[in-house]
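Reading through the structure tokens given below for one structure.
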Amino acid sequence: MRSDTSPAGARDLSAIWRATSDRITEIVRTLPDTAAYTPVPTVPGIAVRDVIAHLIDTARLAGDDPAGAARESVALPAPGAAGGARLAELVVGWEKATAALDASVAADAGLASLLITIAVMSEHDLRSALGVPGARDDIAVKVALDELSGRFSDRVAAAGLSPLRVTVEQWGTIAGDGRAIACVVADRFEFVRAMSGRRSADEIGRWNWGVEPNTYLSVISEVGLPANEIRERDPRIPEHMRDREFVL
């Protein structure tokens, strides 16, 4: 269920896709080739080059097989996905792949939502790896929130779990079918990152739960949860307060 104050149908998904893909290009365009091997802490075991390769592969798949892209849309980047390509080659490949998708994104809102979700999650993987946090309040994150929470709701229902009322800032939804008695309150960015497999069980457990969180841990993300805490720090926290843990 969706109850966002900015309904997905009112959004210019083409513009959001273009802005998100452009931000990714700007992040990686001027990097030295050595940066390609920088580890990505939000997806252990992969490097910056793997994230870009994953984006290219998904964009190409979306152009050839939108249904296949939908199935693969939540898969995490895989180690070695870039093969022997240099970083500059990957950046060019990404720019070409995104340009080729503009018409498809404009014509298919469902595909656009999927691609924006993939892109914005990868954007923040890159930001975390390269130490350039930002854009956590961008509308692309809200598109991902709608996309991923719908899938989360389906998993809650399929697992036969009690419906869960989720509140994140000015947005709320009921995950599962029926009237919700259980509830959780979380930061929007944290909730989105958890649903995409980028938060550990311990981090999720520190949200403001009105029910035992372990009940829902197995269905928070369809790609599983990392064993260790990610600690993707919020850049909005003042520097003199960054040694403290801020959780809802």
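Taking the stated definitions as given, is VAL192 open to solvent by less than 30 Å² (accessible area, probe 1.4 Å), among the aliphatic types (A, V, I, L, M), in a strand (DSSP E or B) and at pLDDT 95 or above?
It is false that VAL192 is open to solvent by less than 30 Å² (accessible area, probe 1.4 Å), among the aliphatic types (A, V, I, L, M), in a strand (DSSP E or B) and at pLDDT 95 or above.
Could you pull out the residue among VAL105, VAL51, VAL28, VAL43 that is buried (at least 16 other Cβ atoms within 10 Å of the Cβ), outside any helix (DSSP H, G or I) and in contact (Cβ under 8 Å) with a residue 60 or more places away in the chain?
Answer to the selection: VAL43.
Do you know which residues across the stretch 195-233 are of a type in the set (Gly, Ala, Ser), open to solvent by 20 Å² or more (accessible area, probe 1.4 Å) and in contact with a Gly (Cβ under 8 Å, 6 or more places away or on another chain)?
GLY224 - this is the single residue of the stretch 195-233 that is of a type in the set (Gly, Ala, Ser), open to solvent by 20 Å² or more (accessible area, probe 1.4 Å) and in contact with a Gly (Cβ under 8 Å, 6 or more places away or on another chain).
Is it the case, given these coordinates, that SER21 is among the small types (Gly, Ala, Ser), buried (at least 22 other Cβ atoms within 10 Å of the Cβ) and modelled with pLDDT of 95 or more?
When the stated conditions are applied, SER21 passes them.
Kindly establish whether ALA106 is in the same structural domain as THR34 (by the TED database) and out of contact with any strand residue (DSSP E or B) (no Cβ under 8 Å at 6 or more places or on another chain).
For ALA106, the condition - in the same structural domain as THR34 (by the TED database) and out of contact with any strand residue (DSSP E or B) (no Cβ under 8 Å at 6 or more places or on another chain) - is met.
Tally time: how many residues in the stretch 152-178 are in a helix (DSSP H, G or I) and either open to solvent by 20 Å² or more (accessible area, probe 1.4 Å) or among the aromatic types (Phe, Trp, Tyr) (or both)?
Selection size over the stretch 152-178: 5.
What is the number of the single condition among (1) over 14 Å from GLU222 (Cα atoms); (2) without any contact (Cβ under 8 Å) to a residue 24 or more places away in the chain; (3) not acidic (Asp, Glu) that ALA157 does not meet?
Only one criterion in (1) over 14 Å from GLU222 (Cα atoms); (2) without any contact (Cβ under 8 Å) to a residue 24 or more places away in the chain; (3) not acidic (Asp, Glu) is unmet by ALA157, namely (1).
Given the criterion in the same structural domain as THR215 (by the TED database) and either in a loop (DSSP other than H, G, I, E, B) or surrounded by 14 or more Cβ atoms within 10 Å (Cβ to Cβ) (or both), identify the matching residue among SER122, SER149.
It is SER149.
Which condition number in (1) in contact with a Gly (Cβ under 9 Å, 6 or more places away or on another chain); (2) at pLDDT 95 or above is the one that ALA109 fails?
(2)
The values are calculated or read from the model by the stated rules, or taken from the named source; none is laboratory data. Given the structure is predicted, the values throughout are model-derived calculations rather than measurements. Cβ: placed from backbone, ideal geometry, glycine included. Neighbour counts: every protein chain shown. Please note that ligands, DNA and RNA were not included when accessible areas were found on the heavy atoms of the full protein model with its side chains. Shrake-Rupley method; radii C 1.70, N 1.55, O 1.52, S 1.80 Å.
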